[in-house]
Every structure is written in structure tokens, then in C-alpha cells.
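The values are calculated or read from the model by the stated rules, or taken from the named source; none is laboratory data. Owing to the predicted nature of the structure, the values given are computational and were not obtained by experimental measurement. Here the Cβ positions follow ideal geometry from the backbone for every residue, glycine too, while neighbour counts run over all protein chains shown. Heavy atoms of the whole protein, side chains included, go into the accessibility calculation; ligands, DNA and RNA do not. Shrake-Rupley method; radii C 1.70, N 1.55, O 1.52, S 1.80 Å.
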Amino acid sequence: MKVRAFQSLLAMALSISMAQIALADDADTLREMRDRAEIEALMWRYVRALDTFDPDAYVSVFTEDGQFGAGENATKGRAALRAMVAGLRDGREERAAQGETLAPLQHVIANTWLEFVSADEALLHSYWMTLGGSTGAGTTPNVLAAGRGIDHLVRVDGQWLISIRDVAPED
């Protein structure tokens with residue numbers, strides 16, 4: 001009788017442990033699904049800010065010390081990132097004022113693989129393209145640039161942000 005009681009107690013303890021593991025796995029899965037959706041929205045805000053040449057929206061997707069690029073030529077920090085996008089905007093406005101027809105830009109991030117390094121850090125591996133959109137009837141978009149990238153993403157105060165956007169990784 002004691003053996004049966006012990007077996008029953010053991011079976012009940014194992015069942016409770018398995019249920020706790022399942023609940024923990026469900027919580028992890030739900031967190032990861034939420035994180036994926038938030039990162040997808042982050043990258044959408046990134047490309048829209050770049051396509052609309054909005055310096056404030058652009059820097060809002062980066063950490064305070066965030067950077068575009070890698071190595072010595074990287075643009076680092078929000079002030080430098082803001083100046084980079086403002087310079088792009090100003091250059092386009094000058095060219096348009098001189099009568100140049102400018103195609104709208106469309107940045108595309110595709111074939112993504114999101115790798116969670118920890119609960120608060122992820123790497124987004126992708127291919128990217130910059131398209132010059134159509135400028136009117138009978139014109140077609142052009143691929144202006146293309147490549148592969150690795151975005152280093154971190155959660156800061158509950159919000160996912162880009163810490164490094166490397167559009168030409170060496171690996």
C-alpha cells in the first residue's frame with residue numbers, strides 16, 4: 001500500500017511539474033510571438049522613416065548610441081543619424097528645386113531570419129534593396145542598391161530598438 005501511495009504521489013508531482021513546464025513554454029512562446037510582431041513593426045517604421053526622409057522618425061528607431069554601418073565609416077549616435085537623414089532630405093530638395101525629377105525611394109527588407117540571442121537581444125538577418133520608384137506613366141522602378149544585412153536589436157525600457165544596422169556584414 002505504501003508503494004502505491006508513493007507512486008501516486010510521484011505521478012501527481014510529475015504531472016504538476018509537467019504542467020508548470022508547459023505553462024512556462026507557453027509564456028515563452030507568447031513572449032517571442034509578441035517580440036516578433038514588435039520587431040516587424042520596428043523595421044516597418046525604419047523603412048518608412050528612411051523613405052520619407054524624416055530624421056526624427058529615423059532616430060526614434062535607434063538606441064541613443066545606435067549606429068548605421070560598421071567599422072570606421074559607421075554613423076554613430078542619434079545626432080549623427082539625424083544629420084545623415086536630414087542631409088539626404090536636403091540634397092533631394094535641392095535637386096528637386098533645380099528641376100530634377102526624383103523617383104520616390106522604397107526600401108525593402110526581405111528573406112528575414114530573426115535570431116533571439118537572449119530575451120532582450122536579437123539579430124535580424126536579411127537581404128535588402130533600395131528601389132527608385134516609378135516617376136510616372138511608362139516608367140518602371142529601378143533597383144538602386146541591394147545587399148545583405150544584420151541588424152542588432154535590443155530591448156530598452158520594454159521597447160525594441162536598433163543598436164547597429166550593418167548593411168554590409170563581413171561574414
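Restricting the search to the stretch 123-154, which residues are crowded, with 16+ Cβ neighbours inside 10 Å and either in contact (Cβ under 8 Å) with a residue 60 or more places away in the chain or of a type in the set (F, W, Y) (or both)? Answer for the stretch 123-154, where residues must be crowded, with 16+ Cβ neighbours inside 10 Å and either in contact (Cβ under 8 Å) with a residue 60 or more places away in the chain or of a type in the set (F, W, Y) (or both): L124, W128, D151, L153, V154.
Can you name the number of the only condition in (1) at pLDDT 90 or above; (2) in a helix (DSSP H, G or I) that E64 fails? Here E64 meets the rest and fails (2). Summed over the stretch 32-49, residues that are touching a Phe, Trp or Tyr at 6+ places or on another chain (Cβ under 6 Å) and open to solvent by 10 Å² or more (accessible area, probe 1.4 Å) total 1.
Taken over the stretch 115-129, the criterion of being touching a strand residue (DSSP E or B) at 6+ places or on another chain (Cβ under 7 Å) and of a type outside the set (S, T, N, Q) is satisfied by E115, F116, V117, D120, E121, A122, L123, L124, H125, Y127, W128, M129.
Considering only residues in the stretch 102-122 that are closer than 13 Å to R155 by Cβ and without any contact (Cβ under 8 Å) to a residue 24 or more places away in the chain, the one that is surrounded by the fewest Cβ atoms within 10 Å (Cβ to Cβ) turns out to be S118. Taken over the stretch 67-101, the criterion of being assigned to a strand (DSSP E or B) and touching a residue at least 60 places away in the same chain (Cβ under 8 Å) is satisfied by Q67, F68.
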